[in-house]
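This report concerns only the one structure given below.
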Amino acid sequence: MAFQLPELSYPLSALEPHIDAQTMGIHHGKHHAAYVSKLNAALSDHPQLQNASIEELCSNIAELPESIRGAVRNNGGGHFNHSFFWTSLSADGGGSPSGNLAAAIDSKFGHFEGFCEAFTTAAQTRFGSGWAWLCRSADGSVNVCSSANQDNPWMAGVVDCVGTPLLGLDVWEHAYYLKYQNRRPEYVDAFWNVVDWAAVEARFEEASS
Ligand SMILES: [Fe+2]
């Protein structure tokens, strides 16, 4: 089929104690796998769309046939968002960014802590299920936003986010409920310990080139 569940580059337990192995196993092996399966099912009668990248599908949601638009929005969004999330995390993560990304964050938010506060607020105040994002705007500046459900910043015109996604945080309950139950703030605090800033910086540089 067109899309496949990507392998994790680290063991399920790698992000302990911040994100537990049981959550990782269900999140990747069940939730993400279901998005991939349902995305492929939606595209099964549309072979011309099966060679598009997941970013292209997300960017062109509004132009997709109406019969599959909702399914691709939810499941294609889910596939991109989770693939992106896994590659934003590392057992060696945490700390803060450096280089051009750090400069862009300082320019927008005053300092790294100001960015963390804005991003945390976006994550905490997203009602129900969704994502918090750090994005790079076309002018090279960075911004923080959040999206509902499995929407993402590629879905221009559909979501309220601007630019290329650099970092995303899944705030669906399935991302934290087993370990943190209803305590989303604790999960968001723990997330900072596993952010792979090298990966985020590389995305910023790629978007800038
Ligand atoms: Fe998720």
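The values are calculated or read from the model by the stated rules, or taken from the named source; none is laboratory data. For clarity, every value in this text was computed on a predicted model and none was experimentally measured. Note that we place each Cβ from the backbone using ideal geometry, even for glycine, and neighbour counts take in every protein chain shown. Keep in mind that these areas ignore ligands, DNA and RNA; they rest on the heavy atoms of the full protein, side chains included. Shrake-Rupley method; radii C 1.70, N 1.55, O 1.52, S 1.80 Å.
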So, in Å, what gap is there between the alpha-carbon centers of region 153-209 and region 41-58? 24
Under a plain spin-label model, where a point goes 7 Å from the Cα along Cα-to-Cβ, how far apart in nm are Asn100 and Ser53? 1.7
For the chain, what is the calculated [θ] at 222 nm in deg cm²/dmol (nearest 500), taking -39500 (n - 2.57) for each run of four or more DSSP H residues and dividing by its residue count? -12000 deg cm²/dmol
How large is the accessible surface of Ser208 in square angstrom, using a 1.4 angstrom probe and rounding to the nearest 10? 50
Contact order normalised by length for region 99-208, with contacts defined as Cα pairs under 8 Å and 6 or more residues apart; what percent is it? 24
Whole-percent carbon and sulfur share, accessible surface of region 1-156, 1.4 Å: 50
Under 19 Å from the Cα of Lys30, which lysines turn up, not counting those fewer than eight places away in the same chain? Lys38, Lys179
With +1 assigned to the C-beta of every Lys and Arg and -1 to the C-beta of every Asp and Glu, and no other charges, what is the dipole magnitude of region 141-209 about the Cα centre in debye, to the nearest 20? 200
How big is the dipole moment of region 1-89 about its Cα centre under a simple scheme where the beta carbon of each Lys and Arg is +1, that of each Asp and Glu is -1, and everything else is neutral? Debye, nearest 20, please. 160
Env charge @ Thr164, Cβ radius under 14 Å, K,R +1 / D,E -1, value -4
Per-residue SASA entry for Phe84, accessible area with 1.4 Å probe, Å² rounded to 10: 20
Set of region 12-36 residues, backbone N closer than 12 Å to the point 7 Å along the Cα-Cβ line of Ala91: 12-17
